[in-house]
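Input: a single structure, listed below in structure tokens.
The values are calculated or read from the model by the stated rules, or taken from the named source; none is laboratory data. Since the structure is predicted, the reported quantities are computational estimates derived from the model, not experimental observations. Heads up, the Cβs are rebuilt from the backbone with ideal geometry, glycines too, and the neighbour counts pull from every protein chain shown. To get the accessible areas, we keep the full protein, side chains included, count just its heavy atoms, and leave off ligands, DNA and RNA. Shrake-Rupley method; radii C 1.70, N 1.55, O 1.52, S 1.80 Å.
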Amino acid sequence: MANFHPFVVPFVMGTIALFAICGYKFVRWIKQFDRKQQALIKKNMFSTRIVPALWEVFCECLLHLRITKKNWRLGYMHRSIAFGWFLLIVFGAIESRIGIKGPFHFWCAIFYRFFHHNPPVNGTEVFFTQLMDLLLLYVLSGIFLAFVKKIHSRILGMQRTTKHTTMDITVKIALWAIFPLRLLSESVTARLYANGGFLTQTIGDLFSRPVAEFLELPLWSLYSIALCIFFLMLPFTRYMHIFAEVFLIYFRKLGLRDSVKMTGYTKYELSACSRCGMCIDRCPLYNTLDINDVQSVYLLRNLRNLEHHQDILAAGKNCLMCHQCAEDCPVDIDLMSIRRISRDKGDTDMSDNYRYLDNVKGFNAIGRVAYFGGCMTQLTPTISEAMKTIFDAAGVKYWHLDSNRAICCGRPLMQQGFNRQAADLRRKNSELIGSCNATALVTSCPICYHTFKHEYNLSIPVYHHTEYIDMLIKSGKLSVKQSDTTFTYHDPCDLGRGSGIYKQPRKVLNAIGKLKKISAEKENSLCCGMNLGNTVLSLDQQTQLRDKALSVLTEPNPDVVVTACPMCKKAFRHGTDANVKDIAEVVAEHLKN
Amino acid sequence: MFDTHADGVQTVCTPSLQTNAQRHQQPFSVHLKKVYLCRLVFYIYCNMANFGFSIKKTRSFNLSQADLRKAERLLEEVPSYRLCIGCGGCTATCSARQFTDFDIRKVHNTFRRGQYDKLADELRKCMLCGKCTLVCPRGVNLRSLIINMRQLLTPSHETF
Ligand code: SF4
Ligand code: SF4
Ligand code: SF4
Ligand code: SF4
Ligand code: SF4
């Protein structure tokens, strides 16, 4: 057979196995989509959403822009390997199409130099030869950085890299071997036939002719075997993310989201995690409490392998749900939903609860704003008092719907995997709020806010009080006094990272006094440690987390430490002599007239 | 009369989140208030019927016959529960109790004594809102306690 040599067999087998296994897995996962997800796919499959999806695939899977934004060295490393390899394949295919004489097989593109011994003659061939060398150098630079990262991660700006399994390490060695082997085999061939570019020819010329002759076949075979090992192991290791991420981006663009149970979509997410470890460094459990086996990367791995049930439970439980890892994940995996899925309480979670709420009567609040303080605000009544003062001052008619008793929004139950029970509470609350004819719902607790906004289908707008106060000030209904008080502001997890509200509280505080900058704010704000998401931390550990957040907040010596969450306030109040207030209280104290 | 904080809560605060130094800095007046509070409580206690309270029927358990394995397991899972002094702060603040006759202290107390009957249904009334955890003066992790009790009472969880 022309253009064939036995050494290509491992590569060919590896490639066929790779596509067969991946195809099988991908189809099986699609079958596991729930009904809502399937309907969405059918509806949007061929819509114009494909265009932005393709663009995102290009930017993220090949260029790795999100990683680059967070850490340019790491971004370069990933880009050079992914994009460089991609270009090697594309240009290799073009080059071999032009150059190969006789029958063309797909392996000819990969082992082109072996099957095409003539030195480049015309301009096009010279161009391609040099280009391929340049690309190879590009990929090798990435591999070199990956090696440096393994030896000393701090050079690449990471404190801690992921602890990998043996499988992952083996396949990584195979991947790292591929490109140096390619370089060497092309070099020795270049020595023999003078068909190399600036890199391979130079290296090749270092060999003596007999050595090159002796090494040529073994090197090409090793190259083929390394490719084979990598392809065979890829579907079972973290490198599955190369393909899974492409599909994940597409499905996400079609509008698919995680459901409360494990679905096929979640499986795509689990496989799209590259175990890059960017979710580790800023996890408060790691960087403050030194707990290093519960981070999202490990949870996802355990869930994907489904082999350590106890580990899944333990890792799933210990997490603050502070959204920090979800913020840091370059693949944008919905880590909070996966955490919730891992906590699913199964048959402990029963439906048809809360019969006692059936007797709770509806109320009428036509034309008023419904104010829902939330359970936690009941323990910090000065916040709801301040809100009432603000409503009055702005001339807004309101209805305090949990003035003496409160039905929980259901979030704490959801976070602990009691989804059916949470649904029961949601149903009751939707009924009450839906029938009260209020014009808007204002809440004081970021947790309730996030829930009412995203988990309920309320027909009225939902505001957190920071947003609402900002709106009142902007529309001129509320005017505040300027003063020379200085503030630092704590972004509560569920309001900041969870709901993306960063601007409004800052505008409000700057209208009153001077807001000082702190070292960890907005997306990087530290959790106060009291998050309802966690049930296993001891008080001592919570206190450590709180103290760390407080030290950042009190560092610029502000007159008042301001937060916008009753829980954070409660946590901070006991930990510092500084003045801790909710933003509503600050505004209520600085009303004009 | 109560130890009132700046956020206006009349409750037993969570002293475990206070440093010891802070706790000892209480002014004398607060101390005095506490003395009066104690007297008042004692007075109410002696005259409960006059204050609209009724006397509960005494419940008696035979501890030697109780199966304490689940209770022991609970204490292992939630070590902070060992600190509970049965003050009832959790029940007093409970969100579910605002609507129905649900007594979380009674539930965990009964559980601890190995009387598990009907507790599973009772526990389903809890909304897991976490107020009880926040007010508990002993820092008992009540949410964890509740979740663990539920799981220990689920039939599929019967490991005993
Ligand atoms: S979850 Fe995201 S950040 Fe964490 S390892 Fe996976 S891809 Fe990286
Ligand atoms: S949500 Fe927060 S605590 Fe949980 S794993 Fe992510 S960063 Fe860590
Ligand atoms: S209390 Fe605030 S900072 Fe703490 S967990 Fe809640 S939202 Fe996050
Ligand atoms: S759990 Fe805490 S609040 Fe409840 S009775 Fe025990 S000590 Fe009191
Ligand atoms: S968590 Fe349950 S027991 Fe505790 S206050 Fe809320 S409803 Fe009551």
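Taken over segment A:223-232, residues that are in contact (Cβ under 8 Å) with a residue 60 or more places away in the chain, among the aliphatic types (A, V, I, L, M) and buried (at least 22 other Cβ atoms within 10 Å of the Cβ) amount to 1. Here the condition is being part of a helix (DSSP H, G or I), away from ligand 1 (no atom under 16 Å from the Cβ) and open to solvent by 30 Å² or more (accessible area, probe 1.4 Å); of A:125, A:186, it holds for A:125 alone.
Screening residue A:508 with (1) away from ligand 2 (no atom under 13 Å from the Cβ); (2) open to solvent by 10 Å² or more (accessible area, probe 1.4 Å); (3) of a type in the set (A, V, I, L, M, F, W, C) gives one miss only, at (2). Checked against (1) within 16 Å of ligand 3 (Cβ to nearest atom); (2) open to solvent by less than 20 Å² (accessible area, probe 1.4 Å), residue B:141 passes all but a single condition, namely (2).
For segment B:78-93, state whether one or more residues are open to solvent by 20 Å² or more (accessible area, probe 1.4 Å), more than 10 Å from ligand 4 (Cβ to nearest atom) and of a type in the set (Val, Ile, Thr). The answer is no; no qualifying residue exists. Against the conditions (1) open to solvent by 20 Å² or more (accessible area, probe 1.4 Å); (2) touching a helix residue (DSSP H, G or I) at 6+ places or on another chain (Cβ under 8 Å), residue A:475 satisfies every one except (2).
So which residues in segment A:37-85 are open to solvent by 90 Å² or more (accessible area, probe 1.4 Å), part of a helix (DSSP H, G or I) and more than 25 Å from residue A:157 (Cα to Cα), if there are any at all? Correct list: A:42, A:43, A:51, A:54, A:55.
In segment B:76-111, of all residues being under 10 Å from the mean Cα position of the chain (by Cα) and within 17 Å of residue A:378 (Cα to Cα), the one that is nearest to the other protein chains (Cβ to nearest Cβ) corresponds to B:93. Looking only at segment A:131-158, residues that are open to solvent by less than 30 Å² (accessible area, probe 1.4 Å), in contact (Cβ under 8 Å) with a residue 60 or more places away in the chain and assigned to a helix (DSSP H, G or I) come to 7 in all. If the condition is being open to solvent by 60 Å² or more (accessible area, probe 1.4 Å), in a loop (DSSP other than H, G, I, E, B) and within 30 Å of residue A:477 (Cβ to Cβ), then segment A:517-535 contributes only A:517.
Conditions tested, residue by residue: (1) within 27 Å of residue A:492 (Cβ to Cβ); (2) modelled with pLDDT of 85 or more; (3) buried (at least 20 other Cβ atoms within 10 Å of the Cβ).
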site	(1), (2), (3)
A:307	no, no, no
A:330	yes, yes, yes
A:361	no, no, no
A:366	no, yes, no
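For segment A:536-545, the criterion of being assigned to a loop (DSSP other than H, G, I, E, B), of a type outside the set (A, V, I, L, M) and on the phi < 0 side of the Ramachandran plot is met by at least one residue. Residues of segment B:105-138 that are on the phi > 0 side of the Ramachandran plot and either crowded, with 19+ Cβ neighbours inside 10 Å or within 16 Å of ligand 3 (Cβ to nearest atom) (or both): B:128, B:130. Within segment A:70-100, being closer than 18 Å to residue A:130 by Cβ and among the β-branched types (Val, Ile, Thr) holds for A:89, A:90, A:94, A:98. Against the criterion of being open to solvent by 60 Å² or more (accessible area, probe 1.4 Å) and either within 14 Å of chain B (Cβ to nearest Cβ) or within 15 Å of ligand 1 (Cβ to nearest atom) (or both), residue A:339 does not qualify. Only a single criterion out of (1) within 11 Å of ligand 1 (Cβ to nearest atom); (2) not in a loop (DSSP other than H, G, I, E, B) is not satisfied by residue A:311, namely (1).
Okay, residues lined up against (1) within 16 Å of ligand 1 (Cβ to nearest atom); (2) under 23 Å from residue A:306 (Cβ atoms); (3) among the charged types (D, E, K, R):
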{"site": "A:193", "(1), (2), (3)": "no, no, no"}
{"site": "A:196", "(1), (2), (3)": "no, no, no"}
{"site": "A:202", "(1), (2), (3)": "no, no, no"}
{"site": "A:209", "(1), (2), (3)": "no, no, yes"}
{"site": "A:217", "(1), (2), (3)": "no, no, no"}
{"site": "A:224", "(1), (2), (3)": "no, no, no"}
{"site": "A:240", "(1), (2), (3)": "yes, yes, no"}
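Flag not set for residue A:331, criterion: within 12 Å of ligand 2 (Cβ to nearest atom), assigned to a loop (DSSP other than H, G, I, E, B) and not assigned by TED's automatic domain parsing to the domain that holds residue A:67. Considering segment A:514-534 alone, what residues qualify as being away from ligand 3 (no atom under 13 Å from the Cβ) and among the polar types (S, T, N, Q)? Result: A:519, single match. For residue A:460, the criteria (1) out of contact with any Leu (no Cβ under 8 Å at 6 or more places or on another chain); (2) surrounded by fewer than 17 Cβ atoms within 10 Å (Cβ to Cβ) hold in every case but one, which is (1).
Here segment A:367-386 is the region considered, the condition is being part of a loop (DSSP other than H, G, I, E, B) and more than 7 Å from every other protein chain (Cβ to nearest Cβ), and the residue that is farthest from ligand 3 (Cβ to nearest atom) is A:367. When segment A:65-82 is limited to residues that are in contact with a helix residue (DSSP H, G or I) (Cβ under 7 Å, 6 or more places away or on another chain) and free of Cβ contacts under 8 Å to residues at least 24 places away in the same chain, the one that is farthest from residue A:141 (Cα to Cα) turns out to be A:65. Pairing each residue of segment B:112-137 that is more than 9 Å from chain A (Cβ to nearest Cβ) with any residue that is within 10 Å of ligand 4 (Cβ to nearest atom) and open to solvent by 50 Å² or more (accessible area, probe 1.4 Å), provided the two are 6+ apart or on different chains, yields C-beta distances under 6 Å for B:137/B:12. Restricted to segment A:563-586, and to residues there that are in contact with a strand residue (DSSP E or B) (Cβ under 9 Å, 6 or more places away or on another chain) and farther than 22 Å from residue A:375 by Cα, the residue that is modelled with the highest pLDDT is A:579. Being within 14 Å of another protein chain (Cβ to nearest Cβ), away from ligand 5 (no atom under 16 Å from the Cβ) and within 20 Å of residue A:536 (Cβ to Cβ) is a property that holds for residue A:318.
Among the residues making up segment A:538-561, those that are touching a helix residue (DSSP H, G or I) at 6+ places or on another chain (Cβ under 9 Å), within 28 Å of residue A:443 (Cα to Cα) and within 14 Å of another protein chain (Cβ to nearest Cβ) are A:539, A:542, A:543, A:545, A:546, A:549, A:550, A:560, A:561. Residues in segment A:1-36 that are under 18 Å from residue A:261 (Cα atoms) and in a helix (DSSP H, G or I) were compared, and the one that is most open to solvent (accessible area, probe 1.4 Å) is A:35.
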